[in-house]
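For reference, the structure is listed below as structure tokens.
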Amino acid sequence: MDRAPIYEQIAQWVRQEVLDGRLRPGDMLPTVREMAERWDCTPGTAQQAYKALAQQGLAVTRPGQGTRIGSMLPPALPDTTPLRRAALVHQAETFLLDALAAGYTLAEAETAVRAALDRWRALAAETPSRPAQVLRFAGSHDPAVSLIAARFGEITPDSALSVTFTGSLGGLIALAEGKADIAGSHLWDVESDDYNRPFVRRLLPGRRVALLALAYRRLGLLVPRDNPAALTALEDLARPGLRFINRQRGTGTRVWLEAQLTRRGIGVAGITGAGLQASTPHGGTPPSGATHTEVAQAVAEGSADVGLGIEAAAQAYALGFVPLAVERYDFIVPQETWRLPGVQAFAGWLTTDLARALIGDLGGYDTSITGEVIWVNE
């Protein structure tokens with residue numbers, strides 16, 4: 001009989017650990033990288049297992065905070081094993097034996113269980129309070145933005161950050177059209193050799209806008225571990241048979257790449273990859289990478305040989321990284337949004353040592369400018 005795919009085996013192992021009581025609600029699961037090493041598989045396979053568990057409500061993944069067993073187990077967990085009910089009865093009997101050994105009667109134990117059930121039902125029925133204000137973010141993908149969004153309620157309890165990754169250009173357009181309150185951008189202008197300011201002036205003319213610095217971050221080639229193709233520069237992308245996965249149009253990463261290829265006289269038609277050429281040597285057409293992590297996942301799973309992305313994505317998938325440039329990532333905040341209390345609290349938090357440490361721990365970031373503000377169109 002064929003064995004189940006590895007990701008299903010991982011998910012089944014986690015389920016059994018929960019059923020046996022070795023994993024409890026709130027317990028932290030191994031990181032994707034640790035789980036991949038434990039099962040001798042790619043990080044993408046481990047991530048697929050965690051997605052399957054999340055769909056069943058058994059696991060909760062928060063950006064920058066890892067994956068935990070859900071604090072409330074789903075009401076209808078699939079009957080994945082015939083021992084499921086027996087395991088629950090065994091746990092109940094263990095509780096009763098402990099209670100009787102401590103001198104409690106069966107009636108007292110039953111009363112305690114009923115009280116606990118009533119409490120959990122009340123907690124499950126509670127409607128979580130909504131933040132007074134939801135700030136809309138649109139812009140370039142960055143793991144640090146996801147981390148910040150997950151912690152936004154701690155930074156400013158009355159506000160939340162709703163994140164949509166649209167690419168740098170898409171974020172600025174969303175600001176111009178009133179569809180976002182904050183944008184995220186790392187657009188490089190070839191004429192001025194400057195980041196973001198030239199594009200803000202073009203797309204938001206006459207509006208006073210703050211550039212709130214997230215960090216400098218390292219950009220480079222994402223390659224399999226040990227870099228088997230020995231890639232060292234952008235020129236290597238034109239090698240015959242090398243499968244490259246690109247970012248979608250409008251992203252700062254793609255804007256930078258196309259400008260650099262033009263400078264070097266490299267035609268995009270000579271590069272095999274998503275968004276650059278219709279097909280690969282193997283007859284497939286890998287999709288353009290919507291985010292840095294999706295580019296990294298494609299390389300980790302072997303559907304692409306190389307992609308362009310940030311170092312944090314390479315580290316998350318245990319990939320090799322060939323540094324090419326350092327770019328500046330800014331939050332773009334119009335003056336009318338800047339005055340909001342939630343934004344002021346967030347801007348202040350970015351200047352703290354805690355903020356710099358959390359961002360820096362993701363890997364590939366220089367936080368020396370984190371929290372700095374530059375005003376445009378004054």
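FYI, it's all coordinate maths here, none of it is from the lab. Note that the structure is a prediction, hence the values are computed from the model and not measured. When we count neighbours, we look across all protein chains shown, and the Cβ atoms used for this are built from the backbone with ideal geometry, even at glycine.
Here is how the numbers come out for the structure above:
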item	result
Integer Hz, Karplus 6.51/-1.76/1.60 couplings in order for the range 324-340, x for Gly and Pro	10, 7, 10, 10, 9, 10, 10, 7, 9, 10, x, 4, 5, 7, 4, 6, 5
Amide H within-cut-off set for G70, under 5 Å, with H built and near neighbours excluded	G26, A59, V60
Counted charge near V326, where neighbours are those whose Cβ lies closer than 9 Å (Asp, Glu -1; Lys, Arg +1)	+1
Residue among L161, A132, A150 farthest towards the positive dipole end of the range 131-199, charges placed on Cβ	A132
Cβ charges +1 (Lys, Arg) and -1 (Asp, Glu), total dipole of the range 126-277, debye	240
Under 5 Å, built H, 5+ apart or other chain: amide partners of V134	A160
Amide H within-cut-off set for G320, under 5 Å, with H built and near neighbours excluded	V223, R225, D226, N227
From phi via Karplus (6.51, -1.76, 1.60), per-residue ³J(HN,Hα) for the range 32-47 in Hz, x at Gly/Pro	4, 5, 5, 5, 5, 5, 5, 9, 6, 9, 7, x, x, 5, 5, 5
Relative contact order (%) - criterion: Cα under 8 Å, at least six apart; region: the range 6-69	40
For the range 236-242, Karplus couplings with θ = phi - 60° (6.51, -1.76, 1.60), whole Hz, Gly/Pro x	5, 5, 7, 4, x, x, 7
Estimated FRET transfer efficiency (M28, R207; beta-carbon r; R0 51 Å; 0.05)	0.70
Charged-residue dipole, Cβ positions (Lys, Arg, Asp, Glu), the range 6-69 about Cα centre, Debye nearest 20	240
